[in-house]
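Have a look at the structure below, then the notes.
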Amino acid sequence: HKGMVVSKEQIYEYVWNGEYAIDDSNITAHIRRLRVKIEDDPANPKYIQTVRGIGYKMAKVDNVDR
């Protein structure tokens, strides 16, 4: 769902099939690992973008050679 913002709560419930825990460091760590694998520069992500105070979204990127 490129461009759709997904909350940390939604990610947690979908991936771990349980209620969201207030400690979201687990999600943050997994996002960081994904960025290292797919981003050219994980410190300045183009694909997985943070939406402050809400969660994350996959950017709409045209002409990707991946």
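The values are calculated or read from the model by the stated rules, or taken from the named source; none is laboratory data. Only a predicted model underlies this, so the values are computations on that prediction, with no experimental measurement involved. Don't worry about glycine lacking a Cβ; one is built from the backbone with ideal geometry, like all the others, and counts go over all protein chains shown. Keep in mind that these areas ignore ligands, DNA and RNA; they rest on the heavy atoms of the full protein, side chains included. Shrake-Rupley method; radii C 1.70, N 1.55, O 1.52, S 1.80 Å.
Before moving on, here are some points about what is shown:
- Qualifying positions in region 1-21 - open to solvent by 50 Å² or more (accessible area, probe 1.4 Å), of a type in the set (A, V, I, L, M) and at pLDDT 85 or above: M4, V5
- Residue ranges of strands (runs of 3 or more DSSP E) in region 1-60 with at least 2 members touching a Ser or Thr at 6+ places or on another chain (Cβ under 9 Å) and touching a residue at least 24 places away in the same chain (Cβ under 8 Å): 55-58
- Flag for D24 being of a type outside the set (S, T, Y), at pLDDT below 95 and loosely packed, with under 10 Cβ neighbours inside 10 Å: no
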